1. Does residue 189 fit the bill of being in contact with a helix residue (DSSP H, G or I) (Cβ under 7 Å, 6 or more places away or on another chain), surrounded by fewer than 18 Cβ atoms within 10 Å (Cβ to Cβ) and assigned by TED's automatic domain parsing to the domain that holds residue 120?
2. Evaluate the following for residue 184: is it more than 20 Å from the chain's Cα centre (by Cα), farther than 29 Å from residue 360 by Cβ and either surrounded by 24 or more Cβ atoms within 10 Å (Cβ to Cβ) or in the same structural domain as residue 239 (by TED's automatic domain parsing) (or both)?
3. Taking into account only those residues within the stretch 203-229 that are modelled with pLDDT under 90 and not in a strand (DSSP E or B), which is nearest to residue 95 (Cα to Cα)?
4. How do the strands (runs of 3 or more DSSP E) wholly within the stretch 230-349 filter down when requiring 2 or more residues that are in the same structural domain as residue 214 (by TED's automatic domain parsing) and crowded, with 24+ Cβ neighbours inside 10 Å: which remain?
5. Restricting the search to the stretch 169-181, which residues are touching a helix residue (DSSP H, G or I) at 6+ places or on another chain (Cβ under 8 Å) and either in a loop (DSSP other than H, G, I, E, B) or outside the structural domain of residue 134 (by TED's automatic domain parsing) (or both)?
6. Among the residues of the stretch 122-168, write down those that are surrounded by 19 or more Cβ atoms within 10 Å (Cβ to Cβ), assigned to a loop (DSSP other than H, G, I, E, B) and either in contact with a helix residue (DSSP H, G or I) (Cβ under 9 Å, 6 or more places away or on another chain) or not assigned by TED's automatic domain parsing to the domain that holds residue 293 (or both).
7. Go over the candidates 323, 307, 359 one by one and state the one that is free of Cβ contacts under 8 Å to residues at least 24 places away in the same chain and within 26 Å of residue 167 (Cβ to Cβ).
């Protein structure tokens, strides 16, 4: 099941032709309708609401979330680390959640971001000893507009962060601090993740730095649209019941080996505004997807989105995604796709609707060859498409 949009950033308007930029572009609906937006919140409390059985998907960037409590914690964090981070006097048992947390925590940081749309708190994690930090674009992206990023380490020390680059379509950003010999986390592979595996989330929910929660991997390949600042991220998400809340955005989801398998990005919640909180439905960007984006951002400052070169009819209710138009010179044209085709599978995986198709395409990289199953005039066809980038078609 794909999570359908309910609300948008109140500072922007939305046209259906912006929903699938780059990978598969939707055909505008002549009479588009949208559900009533959830109440407006400032950037510091950035959220995008989406409905899934009555719940809403919320980006996890925490501003003054939690009222006076959140504000007090944020203030105390700025001067000294929270006392409980030091742990007990007994060494944690090997192979326990406590042991994993002790190993991972020194690499997880709190990000206090100020930008043109407000202030907020998120999480990040160190991926290189020379100061590169991964987080969500909806956390750090606004700092590119003459904003600031203050990075707080688990020992209470601070540094000024610089935005290297971000990709709102994948909700990934990279921040750099001028430090060396930092403890970097090991990036695992989301391909090795199984439903039922233990999952551990570490971050700064409501400004409470160093919070550790655990649960299991609840589902894989969950099509989720989320994001902040009015941009839409399409995520082939890892779902977990480890408690994550506003402020956890950009933090690591790790396995029992202490390897990062996902980047926490959104939650489903029945709350609205400041009442939003964990109900055991959290969503993380698979680390295999994040790795590619992070490498590109570090090396070039930008990242690439894979495309097949079609516009989709976003009014088509599925199953599958209906092709409204094929771009001339595109991989889709080379593969023989036609207007009216319905793409029902990507690499053998069923596609429920247009959003699920966008997510499935974006889970790959430019240059990858993927198999599409297509329904055309009652006949089922199989075609191979080599993904390109928008700049090349």
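1. Values: in contact with a helix residue (DSSP H, G or I) (Cβ under 7 Å, 6 or more places away or on another chain): yes; surrounded by fewer than 18 Cβ atoms within 10 Å (Cβ to Cβ): yes; assigned by TED's automatic domain parsing to the domain that holds residue 120: yes.
Answer is yes for this residue.
2. yes
3. 227
4. 233-240, 252-254, 260-269, 282-286
5. 169, 170, 171
6. Once the filter is applied, which keeps residues that are surrounded by 19 or more Cβ atoms within 10 Å (Cβ to Cβ), assigned to a loop (DSSP other than H, G, I, E, B) and either in contact with a helix residue (DSSP H, G or I) (Cβ under 9 Å, 6 or more places away or on another chain) or not assigned by TED's automatic domain parsing to the domain that holds residue 293 (or both), the stretch 122-168 yields 127, 153, 154, 168.
7. 323
The values are calculated or read from the model by the stated rules, or taken from the named source; none is laboratory data. Here the structure is a predicted model, which means the values were calculated and not measured. Glycine gets a Cβ as well: all are built from the backbone with ideal geometry, and neighbour counts include every protein chain shown.
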